[in-house]
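Contents: one structure, followed by commentary.
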């Protein structure tokens with residue numbers, strides 16, 4: 001599952017967005033001054049607390065919001081990813 005996150009220069013996440021399924025031109029997050037938007041894949045997250053399975057369930061959205069407190073955006077050879085703090 002891919003999500004969009006806005007973050008500052010230190011990788012602190014300020015917002016999280018889920019692209020809708022099946023739309024060719026899906027909406028994206030807009031960044032404010034001093035922020036960037038990154039598209040990250042969540043398949044590498046192996047922490048049970050952040051196991052994202054059913055987007056229709058309310059706990060799913062709470063888990064996405066929890067990403068802001070527990071993870072930071074980092075960049076590697078394959079692009080942006082989330083790293084647990």
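The values are calculated or read from the model by the stated rules, or taken from the named source; none is laboratory data. Because the structure is a prediction, the values reported are computed rather than measured. As a convention, Cβ positions derive from the backbone with ideal geometry for all residues, glycine included, and neighbour counts pool all protein chains shown.
Taking the conditions exactly as written (assigned to a loop (DSSP other than H, G, I, E, B), exposed (fewer than 10 other Cβ atoms within 10 Å of the Cβ) and at pLDDT 90 or above), does residue 22 satisfy them or not? Taking the combined requirement at face value, the residue does not satisfy it.
Would you say residue 29 is part of a helix (DSSP H, G or I), modelled with pLDDT of 65 or more and within 12 Å of the chain's Cα centre (by Cα)? For residue 29, the condition - part of a helix (DSSP H, G or I), modelled with pLDDT of 65 or more and within 12 Å of the chain's Cα centre (by Cα) - is not met. Among the residues here, residue 65 qualifies as surrounded by 10 or more Cβ atoms within 10 Å (Cβ to Cβ) and either in a helix (DSSP H, G or I) or modelled with pLDDT of 90 or more (or both).
With respect to the conditions (1) part of a loop (DSSP other than H, G, I, E, B); (2) at pLDDT below 90; (3) touching a strand residue (DSSP E or B) at 6+ places or on another chain (Cβ under 9 Å); (4) loosely packed, with under 11 Cβ neighbours inside 10 Å, residue 52 lacks only one, and its number is (4). Count of the stretch 1-11 residues, restricted to those that are buried (at least 16 other Cβ atoms within 10 Å of the Cβ) and part of a strand (DSSP E or B), is 5.
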